[in-house]
Amino acid sequence: MAAYEKRRAAAAPAPAPAAGSGLAEPGQAAAGGLESEAEFLLRAGVTAMVREALLKVLEARPEEPVSFLADYFERLVPGSPGAAGEAAAELPGPPQRLARALWYVRLAHHSHRTAFDSNAGAAYEVLGAGGRRRKAGVDGRLYSELLRRICQHGGAPAEAAAALLGRVRCRDHEAVPFDVFRYGVLTCFVLLEFAAKADALFGVLDGGSGAADGRVCQAVLRALEDALGIGHVALPSRYLEAGSRLGPDGLALAMDRALQERKLGSSMSREEFLKKATALFVAKVKPVE
């Protein structure tokens with residue numbers, strides 16, 4: 001009897017889905033009466049959503065793809081903090097637009113030129129969207145504030161950041177062309193990376209003590225200045241390449257010459273070394289005309 005009841009239950013037709021329930025119609029179901037995995041993903045819109053997310057990753061080339069995807073999907077959920085931030089970014093207020101532009105320019109490293117240029121273009125459009133009566137483009141005030149915020153989140157000395165901003169900023173009322181906008185943003189990021197490399201270099205010189213021989217530091221700074229060359233270079237990233245050419249042999253030679261000097265040298269702190277090194281970089285940056 002029990003076997004007969006089981007056979008009758010299996011043979012009974014499944015109830016039709018209620019209208020608007022979101023379940024698949026019989027014609028959309030698989031042969032076994034159940035919706036296949038591919039059909040479910042397609043019907044729910046997951047396939048298109050994931051495809052769009054992957055395209056965004058390939059376009060932006062972020063340094064942390066997983067964090068980028070987490071932030072991207074969070075913005076798709078109504079009521080989430082990310083979605084609220086997305087809605088706020090659409091407002092014409094400068095603080096919201098600056099935060100959104102800063103998010104864009106940080107997505108990809110400047111060495112990924114195509115992705116960096118694309119993200120810089122998106123940031124430029126965000127800052128230029130100031131309302132219906134506003135002309136297209138970014139004014140000097142927002143441009144300079146964005147550069148200031150970029151330099152804030154790095155290890156570059158405040159003096160070097162201020163000097164750099166003085167060379168690449170525009171007047172508040174000026175309309176900033178995109179090539180100038182991109183140049184300023186790129187230069188700020190290169191300064192931060194240059195400062196990080198100089199900090200790592202000092203870590204070799206001080207041996208973990210927090211202070212290094214002043215003679216050695218001065219010799220290394222002179223060698224770094226020679227590696228940077230004379231004159232201005234149109235692409236700030238070239239100065240990173242020049243600094244990289246200051247290899248171990250060149251450093252060792254400069255240090256040996258300094259240590260052969262008989263006069264006693266004073267020590268140099270990490271802060272002083274970073275100030276002097278970043279000042280060399282800023283002096284080579286071509287000013288915005």
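Observations on the structure shown:
- Residue in the range 126-139 that is open to solvent by 80 Å² or more (accessible area, probe 1.4 Å) and at pLDDT 80 or above present: no
- Checking Val46, Val66, Val105, Val50 one by one, the residue that is modelled with pLDDT of 80 or more and crowded, with 17+ Cβ neighbours inside 10 Å is Val105 and no other.
- Residues located in the range 211-234, provided they are outside any helix (DSSP H, G or I), out of contact with any Pro (no Cβ under 9 Å at 6 or more places or on another chain) and at pLDDT below 80: Gly229, Ile230, Gly231, Val233, Ala234
- Sole residue being open to solvent by 40 Å² or more (accessible area, probe 1.4 Å) and of a type outside the set (Phe, Trp, Tyr), chosen from Gly155, Gly184, Gly214, Gly203: Gly155
- With respect to the conditions (1) modelled with pLDDT under 90; (2) in a helix (DSSP H, G or I); (3) within 20 Å of Leu107 (Cβ to Cβ), Gly154 lacks only one, and its number is (2).
- Breaking point among (1) over 21 Å from Gly155 (Cβ atoms); (2) open to solvent by 50 Å² or more (accessible area, probe 1.4 Å); (3) within 27 Å of the chain's Cα centre (by Cα); (4) at pLDDT below 80, for Leu259: (3)
- Qualifying residue in the range 72-94 (condition: open to solvent by 50 Å² or more (accessible area, probe 1.4 Å), at pLDDT 80 or above and assigned to a helix (DSSP H, G or I)): no
The values are calculated or read from the model by the stated rules, or taken from the named source; none is laboratory data. Just so you know, these numbers come straight off a predicted model, no measurement behind them. When we count neighbours, we look across all protein chains shown, and the Cβ atoms used for this are built from the backbone with ideal geometry, even at glycine. What goes into the accessible areas is simple: the full protein's heavy atoms, side chains included, and nothing from ligands, DNA or RNA. Shrake-Rupley method; radii C 1.70, N 1.55, O 1.52, S 1.80 Å.
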